[in-house]
Every structure is written in C-alpha cells, then in structure tokens.
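Participant: Shown below is the structure under consideration.
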Amino acid sequence: MSSPTSRSARLPLYFGGLMGPFGTVVIVPMFPELRETFGASSAAVSWGFTIYMLPFAAALLVSGTLGERWGRRRTVRSTYILFFAASLACALAPNLTVFLVGRACQGVANAFITPLLVAGLAEIVEPAAFGRAVGVYSSFQAAGGGLAPVIGGLAADVNWRWAFVGVAILAAVLAAAPPPGEPRVDAAPPEFRPLLTKRMLIFGGGVFFAAAGPIGIAVLVGVAARDELGLSGGGAGLLLICGPLAAMITGPFWGRLLDHWGHRRSSLVATAAATTVGGLLALGTTPVLLAMISAVSGALIGFVVVVVQSMASTIVDGNRGGALSFVLAFRFLGHGIGPVVWIPVLVISAPWGLIGASALGIITFAAFWIVTQPTSTAAHSPSRRDASPAIPD
C-alpha cells in the first residue's frame, strides 16, 4: 500500500494533468466568437486547434527524452512558464496571426509536460499499483478536458479572452510544483534508437488513427452542437463536459481493470467499445441524446487513454519519458489532423462525419492486436504491465 508521503508526492503530478487537456479543448466552443473577432472563416479559425496540436506532436517525438536528460523538474517548470507567456499572448492577440503563434507556443510547451509527469509517476508508484495511478491521473486529465469547454463556452458568451487569462493563471500556479527528477550528470543519457523500432511504430500508428477518429471525436461533437443543433457557447460547453466527466469518474476503475486484465485484453476491449459507441454519436439528433451518448463515449475514451499511457510509459526500459512522449506524438498528431479531415465532411453530413471518424478505430484495433501479441505465458500475467511482447523489432 502506498504511504501518505507517496500519495502527497503524486498530487502535484495529478493536478499537472489538467493543463494539457484544458489548453487543448478550451478553444472548441468559441469558434463563432473567434470568427467574429478576427474577421476570419471557420477554416481559418479551426487552425487555432490544429496549430496547437501539430507542433505539440512534433515536439513530443523528442521532448520526453530531452526532458529526462535535462531533468524533469527543471524542464517542466520552464515549460509551465512558457505556457503562461503563450497564454497571455493569446489573450491579448490583436489579430489571428498573433493568436495562432501563441497557440503554437502553447503546444510546444505542453509537449514537455505530460510525458514527464507520467514518467515521474512511474518512478514513485510501485508496479502493482501503477495502472490505478495512471487511472487517477487520467481522471484529472479528463477534468481538465471537461472544465475547458465549460469555461471556454462561458467566456465566449462574455469575452473569449478571459479563458486564456485563466489558462495563464493555472500555468503560473503549477510552475511552483514540478515533478521530481534531476539532470543525468553521471549516468548515460537515454537514447532515441530504442524508440525507432517496428513495434513502436505500429503502436504509434494505432494511437494516431485512434486520435484522428474515436478518441478525438469530441471536437466534432462540439462543432456539431454549435452548427447543427444551434447551441450557444455555454450550451455547447455543458454538453461537451459530459464525456470528460464520465472519463474522470471512471478513470480509477479503468486503472484497476487494467491491473487485473493486463495490456492486451484491456487495449482490445477499450478500442472496440470506443469505436462502436463513437459511431452511435451520429444518432444524437437532440442535445439530451447527444449528451447521453457523449458521456458513454467519453468514459470509453478514458479507458483507451489509460491503457495507452500505461503501455507507452513501460514499453522501453531506461527512457520512460522518451517512449511515452514518442507515442503521444502520434496521438496528438492525430488530434491535430482529425478536425482538418472530418470538419469538412461534418459540414456536408454530420452523421457521416461522426461515423467516418469513429471507423478509424478499426485500424487501431488491428495495430494493438499486433503490438500486444504474447510470446510467452508470462505475458498473460496481469501483474506485469510491461509483459506484452510483440513482433520482433
């Protein structure tokens, strides 16, 4: 059982999990107001989401490994400060160009936060309880993702700029509580080469298609809520909170289930369920019905996220942060590309846009099936999180 000291050491890391999802999703319910403020089209404003995700994904390829070399504590504190400055730039932006530059800087900063926080958890939590710890962390992430559309939507109804002031304040507070981890002065720095294997690339590809589809579908739901159902910014924010709230509540349960089932069974069940329910969002023709399906979808998305973060942070010995950031790069690249691909489809047909996005989960299921192929009986042991050996590298 974890000691009280261990539990208190985790708390700042859990709260740090709020930052990334909050900064990512806060923009979704304010697209109409951004169009009006900057005199821009929907397509131009949608880059406020994508331009956050693309540099975020690119930096994630190396951020975890660099952070392990430089020291988690120093790296995360510095990037919280960068996130603070970038958020103020968004809040004060006089035009769309400055706003987009601020969003891009937010994305780069966030790339150094999540992988190093989860890597820090892996260092202070005993292996048998790591799934539960990741589940709790994912609940805080879901809370950030849930609060973001509500705060973003309410701010949009008054003045959208206040939402970014709130993000800046959150970053400033968190800068005072970075995760443990000093620079590697005497030890050999972690290498990139173990990340460039066939197994890792298939795993990353599966995560990419999940993010471009079923686990990134909340963006499409937000656009549909505003444009198809005619909801206000606040109304769309309240609808969008249903999924993250469900993920927040169920996160610890998914973590315990992961500890019991292991990576293979958990990843396949989570992916199949999230893909199926994501397609059912096409049936949400009223706000209440869409909110109900979104809640179930959000809970299952949380299951996928818990499994992915646990697998990624234990798959490469000696470079936990690097492996996690490498896999998360594929995830957030998918999150960034997904809206660009599916929003035009959504404009033509909202049901087909939602169904098409969800169908990408089939590719994820196939990738996880390959990556988690057991090669020994030990791989079936639920107590071994990292015992999911797959195809040869």
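The values are calculated or read from the model by the stated rules, or taken from the named source; none is laboratory data. Not measured: the values here are computed from a predicted model. A quick note on method: Cβ atoms are made from the backbone with ideal geometry, for glycine too, and the neighbour counts reach across all protein chains shown.
Participant: Considering each of Leu18, Leu54 in turn, give the residue that is in contact with a Phe, Trp or Tyr (Cβ under 7 Å, 6 or more places away or on another chain) and at pLDDT 80 or above.
Facilitator: Values: Leu54 fails: in contact with a Phe, Trp or Tyr (Cβ under 7 Å, 6 or more places away or on another chain).
None of the other options fit; the residue is Leu18.
Participant: Please list, ordered by first then second residue, the pairs with beta carbon atoms under 6 Å, 6 or more apart or interchain, first in the stretch 327-339 and among the charged types (D, E, K, R), second buried (at least 24 other Cβ atoms within 10 Å of the Cβ) and at pLDDT 85 or above.
Facilitator: Note: pairs meeting the criteria are Arg331/Val207; Arg331/Ala211.
Participant: Also: Can you tell me which residue in the stretch 50-77 is nearest to Ala225 (Cα to Cα), limited to those that are crowded, with 24+ Cβ neighbours inside 10 Å and of a type in the set (Phe, Trp, Tyr)?
Facilitator: Tyr52
Participant: Filter the stretch 14-49 down to the residues that are outside any loop (DSSP other than H, G, I, E, B), surrounded by fewer than 20 Cβ atoms within 10 Å (Cβ to Cβ) and among the polar types (S, T, N, Q) and list them by number.
Facilitator: Correct list: Thr37, Ser42.
Participant: In addition: Among the residues of the stretch 153-166, which ones are among the hydrophobic types (A, V, I, L, M, F, W, C) and either closer than 23 Å to Leu231 by Cβ or in contact with a His (Cβ under 7 Å, 6 or more places away or on another chain) (or both)? Outline the logic, then answer.
Facilitator: Of all residues in the stretch 153-166, those among the hydrophobic types (A, V, I, L, M, F, W, C) come to 154-156, 158, 160, 162-165.
Matches in the stretch 153-166: Leu154, Ala155, Ala156, Val158, Trp160, Trp162, Ala163, Phe164.
Participant: A further question on this structure: Specify the residue that is farthest from Arg74 (Cα to Cα); the eligible residues are those in the stretch 97-130 that are in contact with a Phe, Trp or Tyr (Cβ under 8 Å, 6 or more places away or on another chain) and in a loop (DSSP other than H, G, I, E, B).
Facilitator: Selected residue: Ala111.
Participant: Give all pairs with beta carbons closer than 6 Å in which a residue from the stretch 214-235 that is closer than 19 Å to Thr285 by Cβ meets a residue that is in a loop (DSSP other than H, G, I, E, B); count only pairs at least 6 apart in sequence or on separate chains.
Facilitator: So the pair list comes out as Ala225/Leu231.
Participant: Okay, next question. If Ala211 satisfies all but one of (1) more than 23 Å from Val306 (Cα to Cα); (2) under 22 Å from the mean Cα position of the chain (by Cα); (3) not hydroxyl-bearing (Ser, Thr, Tyr), what's the number of the condition it fails?
Facilitator: (1)
Participant: So, one more: For Gly131, all conditions in the list (1) under 20 Å from Ala58 (Cβ atoms); (2) touching a residue at least 24 places away in the same chain (Cβ under 8 Å) hold save one; what is the number of the exception?
Facilitator: (1)
Participant: Same structure again: Just to be sure I understand, how many residues within the stretch 137-166 are of a type in the set (A, V, I, L, M) and either in contact with an Asp or Glu (Cβ under 6 Å, 6 or more places away or on another chain) or buried (at least 24 other Cβ atoms within 10 Å of the Cβ) (or both)? If you could, list the steps in order and put the result at the bottom.
Facilitator: Kept after step one, since they are of a type in the set (A, V, I, L, M), are these residues of the stretch 137-166: 142-143, 147-148, 150-151, 154-156, 158, 163, 165.
Filter once more, so that each one left must be either in contact with an Asp or Glu (Cβ under 6 Å, 6 or more places away or on another chain) or buried (at least 24 other Cβ atoms within 10 Å of the Cβ) (or both): 142, 148, 156, 163.
So the count comes out to 4.
Participant: Here is a further query. When the residues of the stretch 236-251 are filtered to those that are of a type in the set (Gly, Ala, Ser) and crowded, with 24+ Cβ neighbours inside 10 Å, which remaining residue is farthest from Leu280 (Cα to Cα)?
Facilitator: Going through the stretch 236-251, the residues of a type in the set (Gly, Ala, Ser) turn out to be 236-237, 243, 246-247, 251.
Then keep just the ones that are crowded, with 24+ Cβ neighbours inside 10 Å; that gives 236-237, 243, 247, 251.
Values: Ala236: 19, Gly237: 20, Gly243: 14, Ala247: 18, Gly251: 22 Å.
Looking at residues that are of a type in the set (Gly, Ala, Ser) and crowded, with 24+ Cβ neighbours inside 10 Å, I get Gly251.
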